[in-house]
1. Using heavy-atom solvent-accessible surface (probe 1.4 Å) with all chains present, what is the largest-first order of Leu9, Leu135, Leu117?
2. Classify region 1-45 as rounded, prolate or oblate from the Cα gyration tensor: take a ≥ b ≥ c as the square roots of its eigenvalues, call it rounded if a/c is under 1.5, otherwise prolate when a/b beats b/c and oblate if not.
3. Could you put Lys21, Lys120 in order of accessible surface area, largest first, with the 1.4 Å probe and the full protein assembly present?
4. Given a 1.4 Å probe and the protein chains all in place, what does the accessible area of Ser10 round to, in Å² to the nearest 10?
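The values are calculated or read from the model by the stated rules, or taken from the named source; none is laboratory data. Remember, it's a predicted structure, so these values are computed and weren't measured experimentally. Please note that ligands, DNA and RNA were not included when accessible areas were found on the heavy atoms of the full protein model with its side chains. Shrake-Rupley method; radii C 1.70, N 1.55, O 1.52, S 1.80 Å.
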Amino acid sequence: MATTADGKLSLVDGVFMEAIKAASKDPTSRFVVVIEEINRGNPAQVFGELLTLLEAGKRTPAKLWNFAIRCGWRTTPGHIPENLYVIGTMNIADRSLALVDLALRRRFAFVGLEPQLSGKWREWVVRECGIDASLVADIQTSNRGIE
């Protein structure tokens, strides 16, 4: 939203719409939008009809089955291109967001990511941060039990 000269709100394209336009113009490239802690907001209020359009089968018209939905945006294109990927991170430690988490899990694929604390990481932390090697080893060992 932007404010007009008379103090009223007007609709303007944001970052996500710019990504949609860029992805539409260059279908051979991949575009990624990362949304940090996507479950912190109310997805229905944050995304509106876009939430449905993010689903894989509702983005662009398929060849065999056309389940695509056209968005009522005032600008074109009215769909989310297949070459635009949305990655949303979630903090699973906050259980107060369980309903939002469930709503997102019904619609989208999830990949669990855990830090890979290798020997190279341990050497770097000891060398660059000056942390005692035994403490770093404890951190590395305790990380293996995180779920």
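1. Leu9, Leu135, Leu117
2. oblate
3. Largest accessible area first, the list is Lys120, Lys21.
4. 40 Å²
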